[in-house]
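Take a look at the structure below.
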């Protein structure tokens with residue numbers, strides 16, 4: 001899920017990068033550094049997850065999201081961007097160097113299900129390593145290959161156990177169900193080990209693949225440790241739940257997306273104008289060469305109709321994908337998009353039935369659906385400062 005969402009479990013949408021084998025579009029094989037400490041260091045006491053404290057960190061480049069990571073650990077919060085596709089990635093290494101947490105993988109793409117308009121050879125797909133075309137793959141199959149490609153070349157690598165990850169799956173499903181969305185979700189939990197610097201590194205991985213109709217998204221988080229990383233499972237879920245998208249960044253992304261869609265529409269219209277002018281010139285030449293070329297004119301008309309049908313199908317498909325993507329992202333983030341009477345849109349949480357937006361500060365108040373502007377006086381607010389909005393998605 002893109003971008004950073006209310007849960008790092010889904011990543012950034014939707015969508016939200018490239019695998020080591022770009023042609024296959026399969027799981028990433030980018031290595032994750034082992035957390036095993038230098039043998040010269042004095043052994044440290046085992047980390048007690050219950051005693052960990054956390055600090056809120058903001059992704060520095062675009063200020064796109066924040067996440068709470070362990071205080072005193074070496075933390076990295078980043079956003080992987082390729083064109084308009086983004087992936088939030090966070091890591092945290094313990095002070096003794098023996099434990100690593102990771103949330104997201106910047107090389108795992110989102111997938112669009114192939115159809116009559118979009119396939120693996122489509123231009124937009126082939127130009128973006130964070131976007132792939134492929135049929136849905138259940139989590140156990142996807143992440144079995146993922147783990148082998150990431151860690152399988154390590155000495156002594158072996159998978160110790162495999163099971164579902166019901167807590168991970170339930171957190172994802174609860175977020176989506178509360179927003180009225182019923183995706184298909186499969187999850188998996190792997191434990192594994194391998195040798196690094198003549199020491200055993202143990203790993204746990206929670207993976208999920210979330211199917212949203214026209215798109216599906218793999219998401220991953222886990223831990224590597226010289227001790228038993230399973231004791232950090234609750235900590236991983238707790239950290240993931242602190243991932244929050246910045247509303248200003250989200251509004252800017254939405255505006256840029258609308259500009260891109262408008263430019264695509266202008267390009268399409270210009271293509272139609274150019275084709276029409278070319279066709280008129282061709283018809284004139286044909287009339288000058290042969291007045292009776294009715295059969296040829298009919299063929300050109302059929303070509304025009306076929307071109308219109310293909311372009312219209314492409315435009316309809318793009319609009320459908322955009323709507324599906326925006327709905328999916330809103331659902332994942334636990335947000336609504338609302339609009340005022342002037343058509344201005346705002347992102348709000350989805351825990352209320354009606355929203356009033358401050359006209360100057362762009363803050364909002366969520367209320368019951370029976371609340372009116374005049375009722376705001378009871379809250380000590382001036383109704384003239386607020387505008388009633390309508391939930392549009």
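What follows is calculated from the coordinates using simple rules that are stated; it is not laboratory data. Bear in mind the structure is a predicted one, so any value in this text is a computation, not a measurement. Positions of Cβ are generated from backbone atoms using ideal geometry, with glycine treated the same way; all protein chains shown enter the neighbour counts.
Between segment 140-165 and segment 58-123, how many Å separate their Cα centres?
Using only Cα atoms, the two centres lie 20 Å from each other.
Work out the FRET efficiency for residue 280 and residue 365 from their Cβ-Cβ distance, taking R0 = 41 Å, and round it to the nearest 0.05.
Efficiency computed from Cβ-Cβ geometry: 0.10.
Report the full-extension gain for the segment residue 315 to residue 377: residue separation times 0.36 nm, less the Cα-Cα distance, to one decimal in nm.
Here the segment from residue 315 to residue 377 would lengthen by 17.7 nm.
By the gyration tensor of its Cα atoms, with a ≥ b ≥ c the square roots of the eigenvalues, what is the shape of segment 338-391: rounded for a/c under 1.5, prolate for a/b over b/c, or oblate? Mind showing how you got there, number by number?
Working: a/c = 1.69, a/b = 1.20, b/c = 1.41.
Note, shape of segment 338-391 comes out oblate.
Listing 76, 374 from the residue with the fewest other Cβ atoms within 10 Å to the one with the most, what is the order? Spell out each step's value before the answer.
Working: 76 15, 374 8.
With the sparsest Cβ surroundings first, the list reads 374, 76.
Mind jotting down the distance between the C-alpha centroids of segment 166-212 and segment 278-305, whole Å?
Measuring centre to centre over Cα atoms gives 60 Å.
For a label point 7 Å from the Cα of residue 353 along Cα→C-beta, name the residues of segment 364-384 whose backbone N is under 17 Å from it.
Residues 365-376 qualify, since their backbone N sits under 17 Å from the label point.
Taking N as the number of residues in segment 141-271, what is its alpha-carbon radius of gyration divided by 2.2 N^0.38 Å?
1.40
Modelled label-to-label distance, residue 182 and residue 291, 7 Å Cα→beta-carbon offset: nm?
Each label point lies 7 Å from its Cα, and together they span 6.8 nm.
Efficiency by 1/(1 + (r/R0)^6): what FRET value for residue 341 and residue 66, r their Cβ-Cβ distance, R0 = 30 Å, to the nearest 0.05? Intermediate values should be presented prior to the final figure.
Values: r = 32 Å, r/R0 = 1.08.
Efficiency for this residue pair is about 0.40.
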